[in-house]
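The values are calculated or read from the model by the stated rules, or taken from the named source; none is laboratory data. Just so we're clear, the structure is a prediction, and the values are computed from it rather than from any experiment. Heavy atoms of the whole protein, side chains included, go into the accessibility calculation; ligands, DNA and RNA do not. Shrake-Rupley method; radii C 1.70, N 1.55, O 1.52, S 1.80 Å.
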Amino acid sequence: MRIVAFLSKLFNVRSGEWRRLLLMYCMSLAVVTGLTWADAIVQADFLQRVGVQYLPWVFISSAACSFGAMFVYSAFADRVSNTRLLIALLAIGGAGLLLGMAALTSGLVGLGYLLLFLVLQVPLLDVYNIHWATYVNGFYDIRVAKRIVPVLSTASRLAGIIGGLSMPLMNRLLSPTGILVVAVASLAVMAILAAIMPRLLHEQRSKPDGWAGSPAMPQAAHSPSYGARLREGYQQIARSPFLRGMALSTFLLTVLMTLLNYGASAIFQKELKTTVAIADFLGVLGGAANLVVLPMQLFLLSRLITRLGLGNASLVYPLVTLASAGSLAIAPGLGTAALAYLDRTALRSAFRNPITICSTTRCLRASKRALALSSAAWSSRSARSWAACCC
């Protein structure tokens, strides 16, 4: 009991919150570790076998697919429980990775890597980040989320450390296809934990009014049409200065991150050349960065958000991104390319994503949260297409 009390005080978590937190921590740890391996090997193999000159087409295709994915997601966001949506999302991602591997085995290199990139960027990044915020917020109100979310988000840091530092070992033990199979297995682990969580926590199948809890989603007596719910999401954004600012900042940040991704990838291809060298460099770089960021996020971020407020804390990541873009433009090289890579990976998930999750609880009702969030996120798809045309 003394150990639990000490940990509760250290991490700012109350004793009754540990079981759910640990389960979701394991879910996030498993899937992000697998995706860390998959992202590094796919990017490295693409740069060697296809070439950075085709990367803008990947950005454009990803943005176009994201538009369609967000429309589909919005159609189901208020009709299907958060748990079922999460499991479906993981199943789609796993099936897409398997299809990409099948295309590579058949000799369709360009098609295979395009499919792998699209799966990693759309269902397993864009839609996943939106739905994970909705899923987590289904269990907490804003006051609890300010304490829990920063701690839960450190699962991504720990996964980055494990996945990144073990990348050279994975390259020695497995082929790129084998690494992707492990990533698919990590998606299956998360889906299983999400499905059995209510039984492990001995939960009832209903949730308090006003919250779209994960196990079940209360249905209205008269369900509005898809077009009406889509308009409702846009109107909510239009009425909220906070959401309008979020949409604009998302657009600008996505433009910068897309340009950073292209510029950094060109330098990686030129300097490192081989798949193994690129994958090992990106993996170890990400693991070391997460090792530095982890204690900051674990012990400082929740207290920083509480003290400064969400608005002031949300300025940290845009300033870092601006500095990364400036350094890459002024002095392009392997060092500034590494900083650009970290900006869109470790730093984004460490500082921007937890604040975004807390922010959505502040401004959105549960029955509208997923729809309004996905509507706001469409601005990033436009930004990615626009930036790709500039590459």
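Here is how the numbers come out for the structure above:
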{"quantity": "In Å², nearest 10: area of His202 left accessible to a 1.4 Å probe", "calculated": "150"}
{"quantity": "Percentage relative contact order, segment 245-341, counting C-alpha pairs under 8 Å, at least six apart", "calculated": "53"}
{"quantity": "Solvent accessible area, Å² - Val13, 1.4 Å probe, full protein context", "calculated": "0"}
{"quantity": "Vicinal HN-Hα couplings computed from phi for segment 173-180 (Karplus, 6.51 cos²θ - 1.76 cosθ + 1.60; Hz; Gly/Pro x)", "calculated": "8, 10, 7, x, 5, x, 5, 5"}
{"quantity": "Nearest-10 value in Å² for the accessible area of Tyr341, using the 1.4 Å probe", "calculated": "20"}
{"quantity": "Cα pair distances in segment 259-304, grouped into 10 Å bins until the bin that holds the longest one, percent each", "calculated": "24, 35, 25, 15, 1"}
{"quantity": "Rounded D (µm²/s) - segment 104-146, Kirkwood Rh over Cα pairs, Stokes-Einstein at 37 °C, 0.692 mPa s", "calculated": "263"}
